[in-house]
């Protein structure tokens, strides 16, 4: 029989010789494993409902785009308004390789990484020569140009209808299980992205990113080779966004330029980043789930959601310029990443 | 010789901001750079630190020509600077501001992040800002920002520091504290300083030698006391009339 005792700020569970302590104080709850366990439970709980599993997968894909984007915005000190360009690059590479050459998802992943890297390196010079509004404008136009490109080369890209018949990311023979495993894989991918970006931002690269975001000229004066850093950041984050596109293509089995490349999709990603807060990667996850749910409910009220989305974005910009996480951080500003504390060792 | 400037010229359109300026700075000196507003003092600092590229002339730092080098390479060679209007990283804490300089400044092999934090704390302690290490730079006072800039400049392990108007906007008490701090740093870290300043009293007391610029040209140089009595310098600062009335 399990005995539960309440000792000051702890709950103690006893089962025979086994003793388990749980700290009640909320500041100890910010534990990654709790969040992961909750998400896993949610997914497993919804295993019989493919539509809701797709919803969670969509949220994870949004997060996979927003997490590297958050790093990119900070690390280059520039607002990228066209992250969906690399979603398109990744998705179309995967789709074309799968349909025309019959490649499986893992083969097309390698090609996606290479193609995304190539485009990222070609465009990375933009972070050096274009600043502020110009950078935003150019990046805003890139996906739209790509969309036109897919319409012109309709025979290859199937601009209007999109490419279908892409090999599924996982196929175990049972559709219900496919959905469940795909959803778990999307969660895994999101967690990997979160882990990688978190590690990077907590290292010295995080300090460089924050310095470039605040004042790149001063950072240059203090000995930081800002151009090299910005190019590397842009390339790495773009490849990560490309991988998100690859996943979307292989999960849904179809990939259409009209879904991912227009401004509506960018608005969603922007909303995710805005809700999370600029450069706040954990906020992106909250934002992604919020936007996916919002989209789910708004689509029921008809095409008006195309107007509601920008409206909500505008409201958020006015009311919460630092996002929902910004509210939290305003009270705990010392935790602005990278968190640096010099602690005295207790003797 | 640490720094040798030879016939350096920089023009912005038709305006020659710096026009054929030459002087040397030896190791361990404090050289004052004075002149009326718009004389080209800050432009000269920007030329030395690599913000601008000189149109003509040569700037040798430790026998290396640094004209055309990007700012970060000049910083690695050992030139650091502070700004007239403090330019911290506003959203970073004081210690994070200094850590950037420690990590990016002069190359040190195998410098871990922890070591860099320790070094940054040491720099903050030297300028008396350790107590505010976890305060965001945007929440610091002007005097604290100036000391933070000094700590940041120090953290890059420089040989030469270019100080741009440290007294600007400070009250006399804080100004005196800043001047004392700079003199102490110079002794402790064996620095060489090129000091731009408007407050003549500070320059008179602190510098070993003074260079005077007016309309981009060097008009005088020498020990502070000789320079302030020079009629050309008086004319540049106070006008022809005053210079003539002083003669008679």
Checklist entry - Got at least one residue in region A:221-240 being more than 30 Å from residue B:51 (Cβ to Cβ) and either over 25 Å from the mean Cα position of the chain (by Cα) or not assigned by TED's automatic domain parsing to the domain that holds residue A:130 (or both)? => result no
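Go through region A:188-283 and tell me which helices (runs of 4 or more DSSP H), entirely inside it, have 3 or more residues that are away from chain B (no Cβ under 12 Å). Reasoning before the result, please.
Values: elements: A:204-221, A:226-252, A:257-260, A:263-276.
Hits in region A:188-283: A:226-252, A:257-260, A:263-276.
When you check residue A:294 against the structure, is it at pLDDT below 75, in a helix (DSSP H, G or I) and either buried (at least 20 other Cβ atoms within 10 Å of the Cβ) or more than 14 Å from chain B (Cβ to nearest Cβ) (or both), yes or no? Give the derivation first.
Values: at pLDDT below 75: no; in a helix (DSSP H, G or I): yes; either buried (at least 20 other Cβ atoms within 10 Å of the Cβ) or more than 14 Å from chain B (Cβ to nearest Cβ) (or both): yes.
No: the conditions fail for residue A:294.
Condition check: touching a residue at least 24 places away in the same chain (Cβ under 8 Å), at negative phi, more than 10 Å from every other protein chain (Cβ to nearest Cβ) and touching a helix residue (DSSP H, G or I) at 6+ places or on another chain (Cβ under 7 Å). Does residue B:155 satisfy that? Write out each step before concluding.
On the way: touching a residue at least 24 places away in the same chain (Cβ under 8 Å): yes; at negative phi: yes; more than 10 Å from every other protein chain (Cβ to nearest Cβ): no; touching a helix residue (DSSP H, G or I) at 6+ places or on another chain (Cβ under 7 Å): yes.
No: the conditions fail for residue B:155.
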Checklist outcome for this item: Residues of region B:219-248 being surrounded by 15 or more Cβ atoms within 10 Å (Cβ to Cβ) and more than 30 Å from residue B:177 (Cα to Cα), in sequence order, are B:219, B:235, B:243
Item to check | helices (runs of 4 or more DSSP H) contained entirely in region B:118-209, each with at least 3 residues that are at pLDDT below 90 | outcome: B:172-189, B:200-206
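Restricting to strands (runs of 3 or more DSSP E) lying wholly in region B:1-105: which have 1 or more residues that are within 14 Å of another protein chain (Cβ to nearest Cβ) and touching a helix residue (DSSP H, G or I) at 6+ places or on another chain (Cβ under 8 Å)? Step through it out loud before you land on a result.
Values: elements: B:3-12, B:15-25, B:30-34, B:56-61, B:79-81.
Qualifying strands (runs of 3 or more DSSP E): B:79-81.
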Next on the checklist: Against the condition more than 30 Å from residue A:226 (Cβ to Cβ) and outside the structural domain of residue A:245 (by TED's automatic domain parsing), how does residue A:17 come out, does it pass?
Outcome noted: yes
Checklist entry - Of A:318, A:313, which residue is exposed (fewer than 11 other Cβ atoms within 10 Å of the Cβ), modelled with pLDDT of 70 or more and away from chain B (no Cβ under 14 Å)? => result A:318
Checklist entry - Can you name every residue in region B:109-143 that is more than 11 Å from chain A (Cβ to nearest Cβ) and in contact (Cβ under 8 Å) with a residue 40 or more places away in the chain? => result B:126, B:127, B:128, B:140, B:142
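Identify, from the list B:62, B:44, the residue that is in contact (Cβ under 8 Å) with a residue 60 or more places away in the chain and under 25 Å from residue B:214 (Cα atoms). First the steps, then the outcome.
Details: B:62 fails: under 25 Å from residue B:214 (Cα atoms).
Exactly one residue qualifies, and that residue is B:44.
Looking only at region A:59-70, decide whether some residue is at pLDDT below 90, crowded, with 21+ Cβ neighbours inside 10 Å and farther than 20 Å from residue A:166 by Cα.
Taking region A:59-70 and keeping what is at pLDDT below 90, we get A:70.
Checking which are crowded, with 21+ Cβ neighbours inside 10 Å leaves us with A:70.
Those still in the list that are farther than 20 Å from residue A:166 by Cα too: A:70.
Scanning region A:59-70, I find at least one residue that is at pLDDT below 90, crowded, with 21+ Cβ neighbours inside 10 Å and farther than 20 Å from residue A:166 by Cα, so the answer is yes.
The values are calculated or read from the model by the stated rules, or taken from the named source; none is laboratory data. Bear in mind the structure is a predicted one, so any value in this text is a computation, not a measurement. Here Cβ is always computed from backbone atoms with ideal geometry, including for glycine, and neighbour counts include all displayed protein chains.
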